[in-house]
Amino acid sequence: LLFLLQAIVRQSRNGTPAYSPPIAGVLAYFEEHLDERVLLRDAAQHTGMSLEQLKRRFRREVGIPPADYLLRRKVQAACAMLEAGESVTQTAFQLGFSSSQHFSRVFKQYLGFPPSHFAGKGTRRK
């Protein structure tokens, strides 16, 4: 119940969560570097927090660990890329994954099916 109340309190007038400046900075950093392999220590350094401070504060404000948030965000971006006709391999590398196999495992972990199924008819797949 407390978690739910905290989430409601964080809602701004337009319905988007209102985060502290350091966490908003981390979220912006993630967006700016979505196409790269992001190291959490770099995100922490970007905001002036230690890695442990970042992890604790991010989880408290956002509700999930920063690494999990980043992977979810990459999967969300991948969905748009696949819908636009990008191949699984192109999508994986454009989002900073080390291999299409790793990307496929992460994608399936979050959505329950592989990216090749999400791409649908008429899109290129690899």
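The values are calculated or read from the model by the stated rules, or taken from the named source; none is laboratory data. As the structure is a prediction and not an experimental result, all values here were calculated from the model. Heads up, the Cβs are rebuilt from the backbone with ideal geometry, glycines too, and the neighbour counts pull from every protein chain shown. These accessible areas exclude ligands, DNA and RNA; they are computed on the full protein's heavy atoms, side chains included. Shrake-Rupley method; radii C 1.70, N 1.55, O 1.52, S 1.80 Å.
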Members of the stretch 43-56 that are in contact with a helix residue (DSSP H, G or I) (Cβ under 8 Å, 6 or more places away or on another chain) and open to solvent by 20 Å² or more (accessible area, probe 1.4 Å): H46, T47, G48, M49, S50, L51, Q53, K55
Condition check for V88: farther than 23 Å from E32 by Cβ and among the β-branched types (V, I, T): yes
Selection status of A43, in a helix (DSSP H, G or I), modelled with pLDDT under 95 and under 25 Å from A18 (Cβ atoms): yes
Subset of the stretch 57-107 (residues that are open to solvent by 40 Å² or more (accessible area, probe 1.4 Å), of a type in the set (G, A, S) and more than 12 Å from the chain's Cα centre (by Cα)): A80, A84, S98
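Would you check if S12 is open to solvent by less than 60 Å² (accessible area, probe 1.4 Å), farther than 25 Å from L111 by Cβ, of a type in the set (S, T, N, Q) and at pLDDT below 90?
Spelling it out, S12 is indeed open to solvent by less than 60 Å² (accessible area, probe 1.4 Å), farther than 25 Å from L111 by Cβ, of a type in the set (S, T, N, Q) and at pLDDT below 90.
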